[in-house]
Structure formats: C-alpha cells, structure tokens
Amino acid sequence: MEIIKELNDKTLVLRLNGRLDTNTSSSLELLSNELDDITKLILDFNKLEYVSSAGLRVLLSFQKIMNNKGSMELINVNSDIYEILEMTGFTSILNIR
C-alpha cells in the first residue's frame with residue numbers, strides 16, 4: 001500500500017493506494033505518531049481497493065485519537081469498502097463523506 005501525506009497547517013490528508021490489510025496496516029498505524037499537532041485528519045480512499053479487519057482496527061484507533069483533539073473524515077469511499085464499513089457497524093462510528 002502506498003500512503004501519500006499532505007499537511008496543511010493542522011490538517012493532515014492521507015491518500016491510501018492499494019490494500020489496507022494485515023500486511024500493510026502497520027504502515028498506516030505508524031503514522032499515529034504524527035497526529036500530535038493535528039486537529040483534522042482526512043483519509044482519502046479514492047485509490048483504496050480493500051480493507052481488512054486489521055485495517056479497520058487502525059481506523060478505529062485513529063478515530064479514538066482524533067475524538068480527543070479534533071475530527072477525522074473518510075472521503076472518496078467506494079461502494080465495496082462502504083459495504084464493509086456498513087456490515088461491521090463502522091458507518092455509525094466514522095464520519096464518511
């Protein structure tokens with residue numbers, strides 16, 4: 001998975017490309033160390049093909065961090081990934097645009 005980071009003041013945009021699964025979720029999880037001064041986190045799923053339970057765990061972890069300091073949004077979520085988020089109840093936890 002490729003992660004492209006864009007930092008604009010206190011907003012961090014992470015563009016995910018590929019698969020967010022057991023093999024790649026640790027790469028995203030490492031970025032939690034970069035959230036100290038961030039008040040808005042945007043995860044762009046435009047090129048994300050798949051998310052597994054390991055990926056969902058990282059998303060939940062990011063949401064918990066951002067609940068205490070600002071907001072988190074998922075954008076450009078395709079129908080397949082949205083279905084996974086819906087089946088797991090994550091659509092009620094995450095802000096999806």
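The values are calculated or read from the model by the stated rules, or taken from the named source; none is laboratory data. Here the structure is a predicted model, which is why all the values come from computation and not from measurement. Every residue, glycine among them, receives a Cβ derived from its backbone with ideal geometry; neighbour counts consider all protein chains shown.
Filter region 20-45 down to the residues that are part of a strand (DSSP E or B) and not acidic (Asp, Glu) and list them by number.
Residues of region 20-45 part of a strand (DSSP E or B): 20, 40-45.
Selection gives 20, 40, 41, 42, 43, 45.
Total residues in region 69-97 satisfying the condition of being in contact with a strand residue (DSSP E or B) (Cβ under 6 Å, 6 or more places away or on another chain), in contact (Cβ under 8 Å) with a residue 24 or more places away in the chain, outside any helix (DSSP H, G or I) and surrounded by 13 or more Cβ atoms within 10 Å (Cβ to Cβ): the figure is 10. Could you please let me know if residue 19 is among the basic types (Lys, Arg) and at pLDDT 95 or above? The answer is yes for residue 19.
Tell me which residues, restricted to region 1-19, are under 17 Å from residue 35 (Cβ atoms) and either assigned to a strand (DSSP E or B) or within 13 Å of the chain's Cα centre (by Cα) (or both). Write out each step before concluding.
In the first step, residues of region 1-19 are kept if they are under 17 Å from residue 35 (Cβ atoms); the result is 3-16.
The answer is 3, 4, 5, 6, 7, 8, 11, 12, 13, 14, 15, 16.
In summary, residue 36 fulfils each of the numbered conditions (1) farther than 19 Å from residue 9 by Cβ; (2) at pLDDT below 95 with the single exception of condition (1).
Out of 53, 25, 61, which single residue is surrounded by 16 or more Cβ atoms within 10 Å (Cβ to Cβ), at pLDDT 95 or above and small (Gly, Ala, Ser)? Can you show your working first?
Values: 53 fails: surrounded by 16 or more Cβ atoms within 10 Å (Cβ to Cβ); 61 fails: surrounded by 16 or more Cβ atoms within 10 Å (Cβ to Cβ).
The conditions single out 25.
Residues in region 3-22 that are in contact with a Ser or Thr (Cβ under 7 Å, 6 or more places away or on another chain) and surrounded by fewer than 13 Cβ atoms within 10 Å (Cβ to Cβ) were compared, and the one that is nearest to residue 75 (Cα to Cα) is 10.
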